[in-house]
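Right, one structure below, let's go through it.
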């Protein structure tokens, strides 16, 4: 007796459904992609009980006639391959393919009408058993209803998550398709989610402030357009466009990273790796950027059938597309210059409001509650706590307000007393000239980062712009400037270095000492010349000229840590950048150092002239900007 037998066709469809339809969100994805391929300009999605009770997708696309309607629910029937060529896939999936799988595990109803037909048609499939098409009243387009999903496979129901979790998964699918096709109107309604309707946007995927920008603002957040940079690049058959967020505009997970390949939203490890490489030295490793990138290429050089749900792709030349993405992101970030996220000021205002409102109902409420207002600190005590300690003879605020009072705090450290020219950074003469020029106050305030007014806690520089204030973290800012300077020197003529009169002997763990010895040639390119000095020490003979006066032992230990973190398998460029980042930290202005007014202005001008200076090497913002209107609102003036 034979033990091998043919399976029932309905059972075959149910098995196939397990590959394509994992959860309600999978069914929604297939149905919405069908609507997109049908030329729809408006797609409405409605779900019930997270999609397990009801999924309804309505579109205004081309619709189907009786012949197409019957074939659409049959296995291996599709309009996706008109020439039968698997390497020339130009649609997302069109009628057929997924519909039989969905129909095999649910009650499926299709109502459709072509624009030139006098009436519509309806077809029902109950757990794989198909009825016959019959006339029905319908608008042009197609409406598909999926009721009681997985009723024919109860075991699959046990593995679904809560209705809320399934509803959120459906919303994520619709969001990703809405990003990929801004020219289409999308709406989503149902329990356990926030309903939305996004109108069709003109301008498609240009990324230059039209349709895509507006759609991304709706999907990724209203702040995104103000914190994003357009990307537009091409190389050897690949075209890349879209928008990427500033490094300081980031998230705790990768949910806001969107890739679209030939109109298809995908989640691909290669592309994620390329994005990480593009943001390598401007964002912390545990943070994720916000972006939407569109890749267009010949369908023959990308395989979209490597995953049953087509959420992954495989490129014929993965190295080419990776290098294109990395270089495009780095070029865009360099164009952004010193820009930092606008949300930093909003977060700061929120924190300040919490303290401003700390007394509850305001001073007017103390008498009613029987409280005594806290004692008001003296002027001298307040200044000692918040500003740099002023020089003797400080005249207070009466002489001229905030600007004069803040500037008076620097008179004891004013340049000229020792006859030296101030040059904080030393890498951009133009920035020094701009900082040292005898410009009037309006001219200085016209700079993007304004005119330095004060230094708080010997750590933060406060500057005034024409329409607000900027607060700069002096150490974080200078660390980025030194890092970029060292990278430029390395690329051009090599980092300037200085021979030590007496070599510095640094004791280390034997493993760290060996690691430094192995990397000796690469470290020499960075200005560090050292050699083994026994099994557990190294002798440092030359250092970058900018660090000759620093703590050299601490520098060597930090470099060893950087080499250990990146690992032997990391590319050489990445390892060198990690070491340079540690070196620049040692060569930057430390928190706690008092700066002269000209030094502060020089730092601001250098930031304006240096790409990527909006964030430090670790991805933290180097400054926060507050608009004057925000400050006035904080004090109830607006």
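A full extension of the chain between residue 202 and residue 75 corresponds to an added length of 42.0 nm, given 0.36 nm per residue minus the alpha carbon distance. Computed over the Cα atoms of segment 249-301, the ratio of the radius of gyration to the Kirkwood radius (Rg/Rh) comes to 1.01. Going by neighbour counts of Cβ atoms within 10 Å, the residues 507, 202 line up, fewest first, as 202, 507. Counting other Cβ atoms within 10 Å as a rough exposure proxy, the listed residues 326, 45 run 326, 45 from fewest neighbours to most. Taking each residue as 0.36 nm, the span from residue 172 to residue 553 lengthens on full extension beyond its C-alpha to C-alpha distance by 132.1 nm. Cβ crowding within 10 Å ranks 36, 329 as 36, 329, fewest other Cβ atoms first. Inter-label distance, residue 41 to residue 542: 6.9 nm, where each label sits 7 Å from its Cα along the C-beta direction.
Nearest 0.05, what FRET efficiency do residue 164 and residue 136 give at R0 = 22 Å with Cβ-Cβ as r? The pair residue 164/residue 136 has a calculated efficiency of 0.05.
The slack between residue 65 and residue 284, meaning 0.36 nm per residue of separation minus the straight C-alpha distance, is 73.4 nm. Using the Cβ-Cβ distance between residue 157 and residue 233 with R0 set to 51 Å, the FRET efficiency works out to roughly 0.65.
A short reminder: the numbers here are calculations on the coordinates, not readings from a lab. The structure presented is a predicted model; accordingly, all values stated were derived computationally and were not measured. Every residue, glycine among them, receives a Cβ derived from its backbone with ideal geometry; neighbour counts consider all protein chains shown.
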